[in-house]
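I have placed the structure first, in the form of structure tokens, so that the comments after it can refer back to it.
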Amino acid sequence: MTDVEYRIVSHRVGEPGSLFVPKQGINVEALVAGGFIVAVTVSTATPSKRRKVNTAPEE
Amino acid sequence: MATNQYLSNPVVKINAVDLTGFCTAASVIQRFEPLDNTTFGQTDRSYVKGLGDHEATVTLLLTYAASETYATLATLVGTTTTVVVKPTSAADSATNPGFTLTGALLAELPVINASLGELQTVDIVFQGGVYSADVTP
């Protein structure tokens with residue numbers, strides 16, 4: 001599963017690199033189109049269990 | 001004694017973008033349509049409050065560089081957004097309210113307004129939306 005979060009690019013919106021949480025009424029699409037923020041896709045899936053690998057040396 | 005306040009450093013944000021450094025004038029008008037409820041027997045007009053019809057007008061130096069005026073406004077034409085104007089850059093408070101229109105329409109944008117020997121400015125108007133005066137820091 002993935003989710004979208006926004007990161008600030010322009011100092012006119014806030015600290016560049018920090019997370020942008022849009023308040024009500026903010027036109028996020030316009031901010032992305034104008035290059036003020038970028039949309040970042042974030043995976044929200046829990047990591048799958050990795051198979052245990054036996055690293056013991058062979059006899 | 002009356003107090004006059006000289007506003008040299010108001011803050012103007014359009015769609016969360018701080019355009020203070022490009023703005024030379026700004027006004028936010030809280031307005032309601034007056035509905036005439038005058039009846040026979042009255043000698044003066046009387047009105048009741050109708051729908052809110054608020055408006056924000058800003059005068060901006062128009063530039064085309066990245067992250068500046070045109071880049072902010074070009075993608076907003078024909079859409080609704082949030083406009084905030086407050087008297088100073090200090091935190092919102094009762095003495096420094098953040099006058100806000102949420103969901104105001106930018107119906108038109110003059111994309112060029114050139115005059116010989118002058119800096120280019122545009123007057124843009126945001127119409128409608130929900131008015132609030134934010135006093136919470």
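The values are calculated or read from the model by the stated rules, or taken from the named source; none is laboratory data. Please read these numbers as outputs of a predicted model, since none were measured by experiment. Please note: Cβ atoms are built from the backbone with ideal geometry, for glycine as well, and neighbour counts cover all protein chains shown.
Just a few scattered comments:
- Restricting attention to the range B:1-45, the residues that are more than 15 Å from the chain's Cα centre (by Cα) and over 22 Å from A:GLU15 (Cβ atoms) add up to 22.
- Selected residue [touching an Asp or Glu at 6+ places or on another chain (Cβ under 7 Å) and either away from chain A (no Cβ under 14 Å) or not small (Gly, Ala, Ser) (or both)] from B:ILE29, B:ILE14: B:ILE29
- Per-region count, the range A:14-43, residues facing chain B (nearest Cβ under 8 Å), of a type in the set (D, E, K, R) and in a loop (DSSP other than H, G, I, E, B): 1
- Top-ranked residue in the range B:84-113 [being of a type in the set (Val, Ile, Thr) and either under 26 Å from B:THR63 (Cβ atoms) or within 14 Å of chain A (Cβ to nearest Cβ) (or both); ranked as surrounded by the most Cβ atoms within 10 Å (Cβ to Cβ)]: B:THR100
- Considering the range A:1-13, and only residues there that are more than 7 Å from chain B (Cβ to nearest Cβ) and not in a strand (DSSP E or B), the residue that is farthest from B:THR75 (Cα to Cα) turns out to be A:MET1.
- Qualifying residue in the range B:114-127 (condition: of a type in the set (Phe, Trp, Tyr), surrounded by 13 or more Cβ atoms within 10 Å (Cβ to Cβ) and over 25 Å from A:VAL32 (Cα atoms)): no
- Within the range B:93-107, residues that are β-branched (Val, Ile, Thr) have Cβ atoms under 6 Å from residues that are at pLDDT 95 or above in these pairs: B:THR100/B:VAL84; B:THR100/B:SER132; B:THR102/B:THR82; B:THR102/B:GLY129; B:THR102/B:VAL130, counting only partners at least 6 apart in sequence or on another chain.
- Yes/no for B:VAL28 being at pLDDT 95 or above and part of a loop (DSSP other than H, G, I, E, B): no
- Matching option when the condition is part of a strand (DSSP E or B) and in contact (Cβ under 8 Å) with a residue 12 or more places away in the chain, among B:LEU119, B:LEU76, B:LEU60: B:LEU60
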